[in-house]
1. With the crude spin-label approximation of a point 7 Å out along Cα→Cβ, what separation in nm comes out for Asp248 versus Val321?
2. Go through [x] 64, 50, 38; [y] 55, 55, 45; [z] 65, 53, 42 and flag the label whose value is the computed Cα extents along the principal axes in Å for this structure.
3. Among DSSP bridges having both ends in the chain, what percentage is antiparallel? Round to the nearest 5.
4. Which residues in segment 174-204 place their backbone N less than 17 Å from a point set 7 Å from the Cα of Glu137 along the Cα-to-Cβ direction?
5. At 0.36 nm per residue, and after removing the present C-alpha to C-alpha distance, how many nm does the segment from Gln374 to Lys179 gain when stretched out fully?
6. Please give me, ordered by residue number, the GluC sites (Glu not before Pro) of segment 124-233 that lie in loop per DSSP and have at most 13 other Cβ atoms within 10 Å.
7. As I understand it, the dipole of the chain uses +1 on the Cβ of Lys and Arg and -1 on the Cβ of Asp and Glu, about the Cα centre. Which of Ile94, Thr162, Asn243 lies farthest toward its positive end?
8. On a full-extension model of 0.36 nm per residue, what is the gain between Lys159 and Glu295, subtracting their alpha-carbon distance, rounded to one decimal in nm?
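Any read-out appearing in this document is the output of simple, stated calculations on the displayed coordinates, not a laboratory observation. In this text, all values refer to a predicted model and were calculated from it rather than measured experimentally. Ideal geometry is used to build each Cβ from the backbone, glycine not excepted, and the neighbour counts take in all protein chains shown.
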Amino acid sequence: METISEVKTRVYRFGNKSADGNSKMKNLLGGKGANLAEMSAIGIPVPPGFTITTEVCTEYNVLGKNKVVQVIKEEVKQAIKNIEGIMGAKFGDIENPLLISVRSGARVSMPGMMDTVLNLGLNDEVIPGLVQKTKNERFAWDSYRRFIQMYGGVVLGMKPKTKEDIDPFEEIMEHLKDKRNIELDTQFTVQDLKDLVYDFKDAVKKQTGHDFPLDPWDQLWGAIMAVFDSWNGDRAIYYRKMNGYPADWGTAVNVQAMVYGNMGDNSGTGVCFTRDAGTGENVFNGEYLINAQGEDVVAGVRTPQQITKLGSERWAALAQVKESERIANYPSLEELMPSIYSELYGYQEKLEKHYRDMQDMELTIQDGKLWILQTRNGKRT
């Protein structure tokens with residue numbers, strides 16, 4: 001085991017079409033971190049971020065939190081500054097807040113080992129800034145509610161330990177649904193969401209004895225350490241033993257800027273494929289929604305539109321929709337945002353050539369800027 005004072009890189013940045021790492025560094029950056037670095041290095045616009053290496057996890061297990069935080073603090077601060085520069089927003093800023101996600105990433109896939117924490121950086125002061133920035137009060141308060149719930153479960157240990165235990169956050173939500181006589185989360189009003197935030201914080205105080213952390217940096221360090229702790233959680237130990245993975249591999253931590261497809265009519269989200277997964281035809285295809293979040297495309301709440309003009313015309317013929325109605329109500333991304341489409345088309349060509357396989361991609365357009373969230377080898381029928 002190396003000494004903690006040894007000079008080496010522990011934080012690898014990616015974003016702005018450059019990266020410190022690449023896809024061959026899975027042992028150090030984990031599978032997810034290596035893939036994000038690779039995409040950024042070949043010029044794909046991924047939301048910027050950084051990966052804390054698997055070696056830091058091993059150091060953490062030997063030397064504990066305080067020493068490890070001291071050693072990586074400066075590198076993490078510089079990496080956050082790098083994200084702020086690319087995104088034109090500031091972590092913890094009241095008027096123009098940068099929100100981030102924190103995820104684990106072992107060198108091999110370990111499903112269910114650690115949940116993700118999204119919207120990190122939100123607090124009572126930042127919320128008005130997010131409302132102003134997104135022009136969407138409901139979205140801002142729903143994000144805050146989700147963040148406290150995720151952070152409480154993942155970082156503050158408020159997740160039910162057994163099947164018999166009740167999730168405190170779910171219990172609060174069910175109680176409010178009964179009171180309001182509603183069934184779905186989407187039926188909560190803005191005031192309901194504000195009430196939930198208040199009640200969630202109250203539950204945190206009661207169960208942990210501490211207030212919910214409102215300082216963005218405290219939130220970030222808490223989430224990073226929770227990822228490291230998850231490596232030695234019961235589920236992870238059991239999974240490692242079952243597959244024969246060594247305990248000293250450790251997990252990496254991926255910190256990334258949040259991007260939103262629901263910031264208005266020049267934002268959107270979608271999924272696309274470099275070939276037709278059903279027929280094998282060499283035709284780029286996919287679906288998108290304007291002013292929506294990723295889960296809206298797959299949830300079936302709204303009818304998604306086709307990404308290509310050809311796809312849109314084929315869909316209209318099947319659905320017996322007139323051409324004039326198609327153009328007015330269901331335009332393709334190619335017709336609605338030609339420059340974004342042209343950029344996306346170039347990336348899908350590049351990724352298929354690079355990975356030498358059909359690619360299944362996720363994208364978000366935030367305020368007229370295209371981001372590729374991930375790519376993977378596509379499954380065919």
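1. 5.9 nm
2. [z]
3. Here the antiparallel bridges make up roughly 95 percent for the chain.
4. 187-198
5. Result for the pair: 66.2 nm of gain on full extension.
6. Glu125, Glu164, Glu183
7. Asn243
8. 46.6 nm
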